[in-house]
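Working notes, structure below.
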Amino acid sequence: MVLFLYWAFKGINLNDLWASLRDISLFWLSVLILTTLITLVLRAWRWIVLMRPFAPQISLWNATLALAICYAGNIFVPRSGEALRAFSLYWTHGANLSSVVATVVVERIIDMVWLIIFVGISLVLLRDRLDAINQAFPTIGPQLGMLTLLLLLACVLALAGLLLVSLYRERALKLVECLLSKISTRLAKALIGTLDTFVQGLAALRTPSAYVKILASSLILNLGYILIIYEAFLAFDIPLGWDAALVIMALSAIGMVIPTPSGAGSYHFLFSQGLIVLYATTTDLALACATAVHAIANLTYLALGGPALLLQRKKASGSQEQSLMPD
């Protein structure tokens with residue numbers, strides 16, 4: 001994170017950066033917060049579709065709070081939020097942890113597929129500026145097209161593998177148990193129950209109707225992320241259109257994949273470099289835009305997820321203490 005922040009803000013005049021941040025439109029600032037909340041709800045809806053076969057009691061509100069807790073946790077420790085959102089549903093509704101984690105795995109693979117699709121679209125939109133990309137990112141620029149195809153293939157194979165495991169659950173578990181038994185019988189017995197509940201979390205992959213909902217929610221969700229970038233352009237009076245918003249969304253999403261706390265540094269670097277290199281935006285304005293979008297999202301998640309996590313944990317601790325008290 002420190003390295004990426006250094007690369008992103010190297011040589012920047014902080015007074016110019018602050019001046020650009022102060023020029024943000026308060027109207028568009030409010031719209032950005034609202035759109036961020038809407039995308040959170042959309043992601044929660046998609047997650048509910050994945051959990052419905054084994055946890056129909058989870059409401060949209062509970063899933064939204066769990067996701068806010070997830071993103072709030074990621075601000076401090078990368079990827080810790082994935083565990084926290086599973087625990088959130090366990091504390092509030094007794095949802096099985098292994099099954100919830102299975103849906104998280106599926107969801108992240110789906111996210112990666114959509115990211116790769118938008119990277120591919122970005123390469124098509126930027127076909128006249130590929131030389132600038134190669135100069136800005138000499139290490140990966142020339143291989144970006146091939147790398148995109150390979151990652152897409154890997155994600156499709158991963159989803160297909162999870163679907164096969166879900167369809168042939170008993171055979172898959174027996175095979176795993178057989179392999180683990182060769183290492184340790186005790187280990188096999190200890191893990192097979194957890195793996196069984198994990199596979200239960202993949203049940204939505206066997207439901208054709210869920211595919212339509214997952215596809216629709218994912219498309220709307222990613223359009224929402226593009227909208228956030230476009231609204232940020234309007235907030236800072238940057239004269240760029242939807243095509244640029246899509247490209248910057250794809251670049252900044254790559255920054256979020258890199259495991260830094262809340263994507264800090266990597267997000268700022270890729271977001272700002274995209275604006276500077278590809279669209280000739282001034283450095284202070286590009287970094288102000290990146291900083292604002294990142295801060296608005298994380299402060300929104302922290303304001304919602306932080307108190308929710310504390311309240312849920314306190315309630316769960318109280319329930320455990322009551323269960324331990326003698327009658």
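We did not get these values from a lab; they are worked out from the coordinates using the rules stated. All figures in this text were calculated on a predicted structure; none of them were measured in a lab. Heads up, the Cβs are rebuilt from the backbone with ideal geometry, glycines too, and the neighbour counts pull from every protein chain shown.
Worth a mention:
- Order by protection proxy (mean Cβ within 10 Å, highest first), peptides 265-276, 215-226: 265-276, 215-226
- Within a straight-line Cα-Cα reach of under 29 Å, K174 can be paired with the following lysines, leaving aside sequence neighbours fewer than 8 residues apart in one chain: K182, K189.
- Peptides 9-22, 279-292, ordered by how many other C-beta atoms sit within 10 Å of their residues on average, highest first, read 279-292, 9-22.
- Under the span-like rule (Cα at least 24 Å along the axis, Kyte-Doolittle mean at least -0.5), DSSP H helices of the chain: 26-51, 60-76, 97-125, 144-167, 208-235, 283-324
- Unit Cα scatterers, Debye sum, segment 2-314: log10 I(q)/I(0) for q = 0.07, 0.08, 0.10, 0.13 Å⁻¹: -0.31, -0.40, -0.62, -1.00
- With neighbours defined as other Cβ atoms within 10 Å of a residue's Cβ, the residues K314, K182 order from fewest to most as K182, K314.
- Note on the chain: GNM, Cα springs under 10 Å; of A44, A308, A245, the largest mean-square fluctuation is that of A308.
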